[in-house]
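Following: one structure in structure tokens, then a few remarks.
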Amino acid sequence: MEHAHLRDLLWYSGIAIDSILASRLVQLGLVGRYPVLFIYLCVSAVRGCTLAFLLHSSRKLLGFYGPVYFASQLVVWVLYFLFIIELYSLMLEGFPGIRRLGTLVLYSGLGAVTAACTILMVADQQFGFDYYPLISYLALQQRSVFLGLSIMTLVLLIFVTYYRVSVRRNVWVLCLCFGGYFLVNALLFTLRSYFGVSFAPQRNLIGSLSYFVALTGGVFLVCRAGEAESRPISLFGGKRSQELDAALSLQLQSFNQVLVKVLKQ
Amino acid sequence: MTILLLLLGFIAAVAAGTAIALWRLYRTGPEGQAPPALVSEILHPRRSALEVYQPMSRLFAEDDFALVGRLKPDLLKRLRRQRQHVLRLYLREIRIGFARLHTLCRILAPRSHDPNFAARVTQQALTFYGLFLVLEFRCALGWFLHVRVDTVDLIAALSQLRQAAQSVLADMNSGAALAGSPA
């Protein structure tokens, strides 16, 4: 199979898997629990169909492809960040004691990540060759967005692990699927912005494949029971050293002996 | 190329961190409460933190060194070395004690009704570990002039965290008792 055909196949598979996961959420009655995810899937499916239609239609309509692509890309980015906030909210529901601190951590993390990505964009001026500077700029933006999303996912997971909160299996599955997808894309766009257009075919192929794999994981692993099941983690990780008391007492004895010796003299 | 390598390394670190965090969340462990005996041992020890760690602040009392210096100057170095070692052991002990208490607070925090508890615990932990680092640094450099003050602050941080945990646990227990009582 030709490279372009395989890419197109993966693209259409991506649209199909968006629709399948959205339908699965409806079927399981989880739309109310994951509203942002559902909206994202619908937007992504509609976007994919629209772009495919524009790409394969007349020359007149093809001119709309670029503006539609850029405008809808912005919406997708916003939905990704909203999805992270939704995951955070689902992870901490029922834990009022850490909600306030969690909000603080989430928004300060978001601020720090945005600042770091802006600095990186300003400092890093090494681009690969591209026919259109706008495409090169978009790749750089995508790199920043996916890096930011990966870091936010990590911050969220560290926070939850730190407070030993048990999360629902579905939330865990979505973190795994989307976290993996964000990381793969951060890597791909980093390479894309450095190697330029020569890396574009590989990026398109692996990017589409990673999206398909991530959402297929979601389709198979998200289930009704996953809302009731949680993944608890152990209470006390390490054991207290029993040798410490003995060593301390030995040292104190020795220290007392020195003092007694001095006082006797 | 340097920035590319740095970025790739950073992405690899984020990926590793994500994988570890997901694995820790996935790994099933004993669900439920911390054993009551352990909680009691941590929150209500037989001796208070002040009783246990008070000797730390007296380890470098000038009177002791003046006395030894007057009577047996050749023992002065040995005494200082011994006390430095004892201070290190005390520091290890207090760090372990604080870590256990902090772990318990982290378990209590999500279930507590006080929305400020987690922030307070984090603040106490930052204070404690900040003081601890300063003390370790001074100990490594052989500056023992401020040990007395620093150890008092360290003990105070431990006691405050213990009090906060005790009050949150009492609140949780009274809430559970109210929920369980017949109307």
- [ ] Inspect all residues belonging to the stretch B:100-123 and state whether any of them is buried (at least 18 other Cβ atoms within 10 Å of the Cβ) and assigned to a loop (DSSP other than H, G, I, E, B).
- [x] yes
Open item on the list: Among the residues of the stretch B:126-138, are any assigned to a helix (DSSP H, G or I) and within 20 Å of A:LEU106 (Cα to Cα)?
Closed with: yes
Open item on the list: I'm trying to understand the selection: among the residues of the stretch A:151-196, which are part of a helix (DSSP H, G or I) and basic (Lys, Arg)?
Closed with: A:ARG169, A:ARG192
Task: All helices (runs of 4 or more DSSP H) inside the stretch A:1-83 with 1 or more residues being polar (S, T, N, Q) and touching a helix residue (DSSP H, G or I) at 6+ places or on another chain (Cβ under 8 Å) - done: A:3-28, A:35-55
Task: The one condition in (1) in contact with a Pro (Cβ under 8 Å, 6 or more places away or on another chain); (2) farther than 30 Å from B:LEU169 by Cβ that A:PHE182 fails to fulfil - done: (1)
TODO: Tell me which of these A:ARG99 doesn't satisfy, since it passes every other one: (1) in contact (Cβ under 8 Å) with a residue 40 or more places away in the chain; (2) crowded, with 17+ Cβ neighbours inside 10 Å.
DONE: (1)
Open item on the list: Going residue by residue through the stretch B:155-178, is there one that turns out to be of a type in the set (Gly, Ala, Ser) and on the phi > 0 side of the Ramachandran plot?
Closed with: no
- [ ] Mind listing whichever residues of the stretch A:102-126 are surrounded by 16 or more Cβ atoms within 10 Å (Cβ to Cβ), within 12 Å of another protein chain (Cβ to nearest Cβ) and hydrophobic (A, V, I, L, M, F, W, C)?
- [x] A:VAL105, A:VAL113, A:CYS117, A:LEU120
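Readers should treat all values here as calculations from the given coordinates under stated rules, not as data from a laboratory. Values in this document were obtained by computation on a predicted structure and should not be read as measured data. Ideal geometry is used to build each Cβ from the backbone, glycine not excepted, and the neighbour counts take in all protein chains shown.
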